[in-house]
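Below is one structure, written out as structure tokens, with a few remarks after it.
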Amino acid sequence: MRYAHIVIRLLAAVAVVAAVVAGVAGPAAAHAALRSSTPKDGATVNKAPSDVELVFTENIARQFVTVVVTGPDGRKVTRGGPSTKGPVVTQPLTAGLPNGRYAIAYRVVSSDGHPVSGELHFTLKAPAAVATPAATPAATSAAAAGPSPAGADPAGVATSPSAPAADASLAASSSPGGGRTVAVVAAVAVVAVAGGILVVSRRRRAAGS
């Protein structure tokens, strides 16, 4: 009986020690992992992000952080290096990102020295900007020139000032007064011709007698 109690106590002590060891080893064996990201993996965004944010389950050693973001054409779109604050890693991106699918490749080292790496993706579908219609050159020139001055036709050619004078002369020549003058002159000419003929006839008669 005495030996049985000793064995039971030894087994209980071993169980306690095993539980303690398991409790200590459990957290040590749980290495850092990615908890979340912005943009999220597989997300589609309608506005270009200014940076990428990765959040891990443990603090990250800042001297061992690498984040590479590539665009639809395979070129890097990162700007500068990543910054680390506790479990958060932030990587700035260049401005003016085109639409398409982007890849985020990362490799970090947790505070316990365990490396963590992976790759995420997101798609950018920003709406196209609406272009403002430009004014035509003809409309712009007409607006800049202003209203046409008096005496100019719509094509921009000035009306000749001699046209009214010519019209006035034509009107004067066709007026009733101008017609009477011509008639008087014609009558005087007829009388003169008749007088001349009469004088010549008398002279011939006088010479014959």
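Failed condition for residue 69, given (1) farther than 28 Å from residue 129 by Cβ; (2) surrounded by 12 or more Cβ atoms within 10 Å (Cβ to Cβ), with all others met?
(1)
Per-residue answers, yes or no, for (1) under 29 Å from the mean Cα position of the chain (by Cα); (2) assigned to a strand (DSSP E or B); (3) modelled with pLDDT of 95 or more; (4) not hydrophobic (A, V, I, L, M, F, W, C):
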site: 23; (1), (2), (3), (4): no, no, no, yes
site: 41; (1), (2), (3), (4): no, no, yes, yes
site: 54; (1), (2), (3), (4): no, yes, yes, no
site: 72; (1), (2), (3), (4): yes, no, yes, yes
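Within the set of pairs 6+ apart or on separate chains, which have a first residue in region 75-92 that is assigned to a strand (DSSP E or B), a second that is surrounded by fewer than 12 Cβ atoms within 10 Å (Cβ to Cβ), and C-beta atoms under 6 Å apart?
Once the first residue is assigned to a strand (DSSP E or B) and sits in region 75-92, its partners that are surrounded by fewer than 12 Cβ atoms within 10 Å (Cβ to Cβ) give 92/80.
Please find, within region 74-88, the residue that is farthest from residue 35 (Cα to Cα) out of those that are surrounded by 15 or more Cβ atoms within 10 Å (Cβ to Cβ) and more than 34 Å from the chain's Cα centre (by Cα).
Within region 74-88, the match that is farthest from residue 35 (Cα to Cα) is 84.
The values are calculated or read from the model by the stated rules, or taken from the named source; none is laboratory data. Computed from a predicted model, the values in this text were never measured in an experiment. Virtual Cβ from ideal backbone geometry, glycine too; neighbours counted across all protein chains shown.
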